[in-house]
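We did not get these values from a lab; they are worked out from the coordinates using the rules stated. Note that the coordinates shown come from a computational prediction; the quantities given were computed from them, not determined experimentally. Using ideal geometry, Cβ is built from the backbone for each residue, glycine included, and neighbour counts are taken over all protein chains shown.
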Amino acid sequence: NAGVTQTPKFRVLKTGQSMTLLCAQDMNHEYMYWYRQDPGMGLRLIHYSVGEGTTAKGEVPDGYNVSRLKKQNFLLGLESAAPSQTSVYFCASSPIPGQNTEAFFGQGTRLTVV
Amino acid sequence: AQSVTQPDIHITVSEGASLELRCNYSYGATPYLFWYVQSPGQGLQLLLKYFSGDTLVQGIKGFEAEFKRSQSSFNLRKPSVHWSDAAEYFCAVGAHSSASKIIFGSGTRLSIRP
């Protein structure tokens, strides 16, 4: 079972470049999330989506944009990368709140901005 | 707004000793709560979750957690730790509502003393 798949797994960007991180899930989950993980700060929510065509801001949305054109995909975009965006990015998906709710995570994308 | 506090950044325990990792949450209504574990360089794995009902929940790998509404806590426990339990542990909170999001704490790094 694929679960949640993130591409790419590693990327090095120069300051000012743009890129898109792709998250794909095959569990038919309604909710999808993008987090960033930095040492000592845990996982901070960037943006999330509660269904196809919807997005919402999380805790640290500045400098990022997202789109959820298809239920199974959630894209995270960096329009003009900055060194402060060097981080490990995790995508997750979950069913709607209920007894079986849990977030399933991808393996992460390590992004370095130089 | 939801928030999670893990007051212990780093804990070291001896192999075979008992463990308790603290988690306090803030949310106006009944939350659903999670504990995840992350081994170095890996993604996140769900240890256990609380949605409703019995306030003492059992998880994988011999872990358990107790939801205490009066203390806004969801502490993780294990009676006897193994060297393989060395990892980072994250507490997370979600909401029993549509358009909810899952917010993580900053994590507790667990080291095991031989």
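Quick look at the values:
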item: Amide hydrogen neighbours beyond the local backbone of residue B:17, cut-off 5 Å, H modeled; result: B:81
item: Computed magnitude of the charge dipole of chain A (debye, nearest 20; Cβ of K, R +1, Cβ of D, E -1); result: 300 debye
item: Residue A:14-residue B:64 FRET efficiency (beta carbon distance; Förster radius 45 Å; 0.05 resolution); result: 0.40
item: Proximal lysines relative to residue B:61, as straight alpha-carbon distance under 29 Å, when same-chain residues fewer than 8 apart are discounted; result: A:9, B:49, B:78, B:101
item: Shape category assigned to chain B from the gyration tensor of Cα positions, a/c cut at 1.5; result: prolate
item: Rough spin-label spacing in nm, given labels placed 7 Å along Cα→Cβ, for residue A:7 and residue A:70; result: 1.1 nm
item: Computed label-point distance, nm, for sites residue B:20 and residue A:27 using a 7 Å Cα→Cβ extension; result: 3.1 nm
item: Peptide B:46-54, shielding by other chains (average Cβ, 10 Å cutoff); result: 2
item: Gap separating the Cα centres of segment B:57-92 and segment A:26-101, nearest whole Å; result: 26 Å
item: Size of charge dipole - the protein assembly as shown - debye, nearest 20, with Cβ of Lys, Arg +1 and Asp, Glu -1, no other charges; result: 300 debye
item: Average Cα contact separation per residue, segment B:10-54, under 8 Å, 6 or more apart, as relative contact order %; result: 28 percent
item: Relative contact order [Cα under 8 Å, 6+ residues apart], segment A:1-107, whole percent; result: 33 percent
item: Burial order of peptide ranges A:45-53, B:8-16 (average beta-carbon count within 10 Å, highest first); result: A:45-53, B:8-16
item: Listed residue (A:6, A:73, A:48) projecting farthest to the positive dipole end of chain A, Cβ model; result: A:6
